[in-house]
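*Asks:* Dropping the structure in here first, questions after.
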Amino acid sequence: MTGSGPGSVWPGSAYTSSVNDTLPTADSLRAALAGLLDGLPPRQATQAVDRLIANYRGTTPTGTPLLRDRSDVAAYAAYRMPATFEAVRSALHALREAAPDWVPATHTDVGGGTGAASWAVAGAWEGPRTTVLDWAEAALALGRELVGASAVPALDDVEWRRARIGEDLDLDAADLVTVSYVLNELTPRARTALVDAAARAAQAVVIVEPGTPDGYARVIEARDRLTAAGFTVAAPCPHSDACPIEPGTDWCHFSVRVSRSSLHRQVKGGSLPYEDEKFSYVVATRFAVDAVAARITRRPQIRKGQVLLELCTRDEGLQRATVTKRHGELYRAARDIDWGDAWPPPQEAM
Ligand SMILES: C[S@@+](CC[C@H](N)C(=O)[O-])C[C@H]1O[C@@H](n2cnc3c(N)ncnc32)[C@H](O)[C@@H]1O
């Protein structure tokens, strides 16, 4: 999914005239991470990542936090945070496209850990007051440290608060609630309690999960609860009706490219300068949105003189479309379109 759009504050967008250097970006996050992890010996970082992967392969949910100490959390931040940040950033971009005039004043990041979603929110809008809730004190402490190590004043006022997500969860009212890469770590009952609490508390809810069949299933379960609570699906779906994918046959997911710093490469291994993070998400709102006519659900296939698109459409479910040179301006737009984008692209982008 591209990171540009009208009024976008993302660097590299066609609309960078509104960029404010004090807003968080992938680069400022990477710089803060590099500074913070500088002192961590490479061997210790690698061991912590191995332990983290082993823990995540074990049974979740656990009764206590998986992120127990600073090296666990530092490993998580180096290993996963750039990718979770980019995935949330993509979901927020879709929300901003669907509701260009909406600006949240308050934001709660539930299970926010080291603050990836908070960085993404602070980059999407100027001024939301963010509260990060998590039960892992070590994660909150590192999140606070990362903000301190960055030159990003937009994050200075984030409140880092210890909280357990359980069946009795209640959230303070907030314009925006984000839940990124958390549902998998909860019991089924805590998961529904969290989605219901978010629906009671928020005007807009953003849920992001890994782009796997299981992650998608958790997103669909949350989507169903949000629509039952009266929410409209703002993205990625072009409507709030049932998902047209027949359960078990496929899963709706997207991909975002994450550039890897040398530190990231060192912790994760491998030499590629980037990786593709696959994610599933839903954005639901209590307010009306500009629904897209369709969304691109696979990487477009560019052939000689034609582009093949797989679409989820508002009126006709899942569709394939072939856009050829004969389509003129639409063909040129199709050559630039990306997985996850709205189709057809907004007029001003053509
Ligand atoms: C995979 S991390 C995701 C962190 C962050 N949201 C992100 O996108 O990078 C999951 C987070 O959920 C938190 N968590 C898991 N179960 C929790 C619970 N029952 N109560 C509070 N936090 C929980 C963990 O401590 C961890 O910080």
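The values are calculated or read from the model by the stated rules, or taken from the named source; none is laboratory data. Since this is a predicted model, take the numbers as computed values, not measurements. Because the Cβ atoms are built from the backbone with ideal geometry, glycine has one as well, and the counts that use them run over all protein chains shown. When the accessible area is computed, the model is the full protein with side chains, heavy atoms only, and any ligands, DNA or RNA have been set aside. Shrake-Rupley method; radii C 1.70, N 1.55, O 1.52, S 1.80 Å.
*Asks:* What number of residues within region 59-98 are touching a helix residue (DSSP H, G or I) at 6+ places or on another chain (Cβ under 7 Å), open to solvent by 10 Å² or more (accessible area, probe 1.4 Å) and among the polar types (S, T, N, Q)?
*Replies:* So the answer is 2.
*Asks:* So, one more: Do we find that W119 is out of contact with any Phe, Trp or Tyr (no Cβ under 9 Å at 6 or more places or on another chain) and aromatic (F, W, Y) in this structure?
*Replies:* The answer is no for W119.
*Asks:* When the residues of region 124-140 are narrowed to those that are near the ligand (Cβ under 9 Å from one of its atoms) and part of a loop (DSSP other than H, G, I, E, B), which ends up least open to solvent (accessible area, probe 1.4 Å)?
*Replies:* Selected residue: A136.
*Asks:* In region 224-234, is there at least one residue being at positive phi and open to solvent by 60 Å² or more (accessible area, probe 1.4 Å)?
*Replies:* Scanning region 224-234 turns up no residue that is at positive phi and open to solvent by 60 Å² or more (accessible area, probe 1.4 Å).
*Asks:* Could you figure out which of (1) crowded, with 17+ Cβ neighbours inside 10 Å; (2) in a loop (DSSP other than H, G, I, E, B) isn't true of A45?
*Replies:* Of everything listed in (1) crowded, with 17+ Cβ neighbours inside 10 Å; (2) in a loop (DSSP other than H, G, I, E, B), A45 misses just condition (2).
*Asks:* On to the next question. Find the residue count for region 236-255, including only residues that are in contact with a helix residue (DSSP H, G or I) (Cβ under 7 Å, 6 or more places away or on another chain) and either within 15 Å of D315 (Cα to Cα) or in a loop (DSSP other than H, G, I, E, B) (or both).
*Replies:* 6
*Asks:* Please specify each residue of region 320-343 satisfying the condition of being outside any helix (DSSP H, G or I) and either of a type in the set (V, I, T) or open to solvent by less than 70 Å² (accessible area, probe 1.4 Å) (or both).
*Replies:* A321, T322, V323, T324, G328, I337, D338, W339, G340, D341, A342, W343
*Asks:* Using the structure shown, decide if V121 is within 10 Å of the ligand (Cβ to nearest atom), on the phi < 0 side of the Ramachandran plot and outside any loop (DSSP other than H, G, I, E, B).
*Replies:* No; evaluated as a whole, the condition is false for this residue.
*Asks:* Enumerate the pairs (first residue in region 314-331 and within 17 Å of K304 (Cβ to Cβ); second residue anywhere and open to solvent by less than 30 Å² (accessible area, probe 1.4 Å) and in a helix (DSSP H, G or I)) with beta-carbon separation below 6 Å, excluding pairs fewer than 6 apart on the same chain, so at least 6 apart or on different chains.
*Replies:* Listed pairs, sorted by first residue: V323/Y331; V323/A334; K325/Y331.
*Asks:* Please go through region 182-224 and give me each residue that is away from the ligand (no atom under 16 Å from the Cβ) and in a helix (DSSP H, G or I), ordered by number.
*Replies:* The answer is A199, R200, P213, Y216, A217, I220, E221, R223, D224.
*Asks:* Quick check, is S240 within 24 Å of M81 (Cβ to Cβ), in contact with a strand residue (DSSP E or B) (Cβ under 7 Å, 6 or more places away or on another chain) and polar (S, T, N, Q)?
*Replies:* Against the criterion (within 24 Å of M81 (Cβ to Cβ), in contact with a strand residue (DSSP E or B) (Cβ under 7 Å, 6 or more places away or on another chain) and polar (S, T, N, Q)), S240 does not qualify.
*Asks:* Among the candidates D50, D101, which residue alone is without any contact (Cβ under 8 Å) to a residue 60 or more places away in the chain, part of a loop (DSSP other than H, G, I, E, B), open to solvent by 10 Å² or more (accessible area, probe 1.4 Å) and of a type in the set (D, E, K, R)?
*Replies:* D101
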